[in-house]
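Novice: What follows is a single structure, and I will ask about it in a moment.
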Amino acid sequence: MRSLFIAAALLLAAPSARAQTVTVEHPWARATAERVETGAVYATLTAGTADRLTGASTPVAAQVQLHEVIQDNAIMRMRELAGGIALDPGKPVTLAPGGYHLMLIGLKQPLKPGESFPLTLTFATEPPVTVTVTVNAAGAHMH
Ligand SMILES: [Cu+2]
């Protein structure tokens, strides 16, 4: 019963009365070739309170999944993080090549260097944050 009251209080307080406490730094994506239907977005997230990145969306892709790269018998593979990515207060979490990333699935257009696109991140507790993702030249590619 007590937890129900707390949940109700949180609902009433969100979202307009509270300032967003998650900061998103340097959101970027790798450029993609023509006809490639997946891409990856990276950024550094820092939450002010314990939270969890639960998903994302963008107009440039049909779907966005949270992925991590894992080493499986010397083979690099990706797996979806169905439970999201935990954010500890004040501790930056970096999404970077070879680790956590936001996988863009069903790209509607190639991501060209120098261009940018909006991406909205959703969290378990905090209100969503929309950032502008900059496209960098494709280099060594994980995907
Ligand atoms: Cu991936």
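We did not get these values from a lab; they are worked out from the coordinates using the rules stated. Every value quoted in this text rests on a predicted model; they were computed, and no experiment measured them. Using ideal geometry, Cβ is built from the backbone for each residue, glycine included, and neighbour counts are taken over all protein chains shown.
Novice: Please determine, by comparing only the residues of the range 16-35 that are surrounded by 16 or more Cβ atoms within 10 Å (Cβ to Cβ) and in a loop (DSSP other than H, G, I, E, B), which one is farthest from the ligand (Cβ to nearest atom).
Specialist: 21
Novice: Something else: Just to be sure I understand, how many residues within the range 56-67 are surrounded by fewer than 16 Cβ atoms within 10 Å (Cβ to Cβ) and within 14 Å of the ligand (Cβ to nearest atom)?
Specialist: Final tally of qualifying residues: 1.
Novice: Applying the selection to the range 49-75, what residues are free of Cβ contacts under 8 Å to residues at least 60 places away in the same chain and assigned to a strand (DSSP E or B)?
Specialist: 61, 62, 63, 64, 65, 66, 67, 68, 70, 71, 72, 75
Novice: Please find, within the range 76-121, the residue that is nearest to the ligand (Cβ to nearest atom) out of those that are part of a strand (DSSP E or B) and among the small types (Gly, Ala, Ser).
Specialist: So the first thing to find is which residues in the range 76-121 are part of a strand (DSSP E or B), and the list is 76-80, 85-87, 89, 93-95, 101-107, 116-121.
Narrowing further to those that are among the small types (Gly, Ala, Ser): 86, 106, 116.
On the way: 86: 18, 106: 13, 116: 21 Å.
Only one residue tops the list, namely 106.
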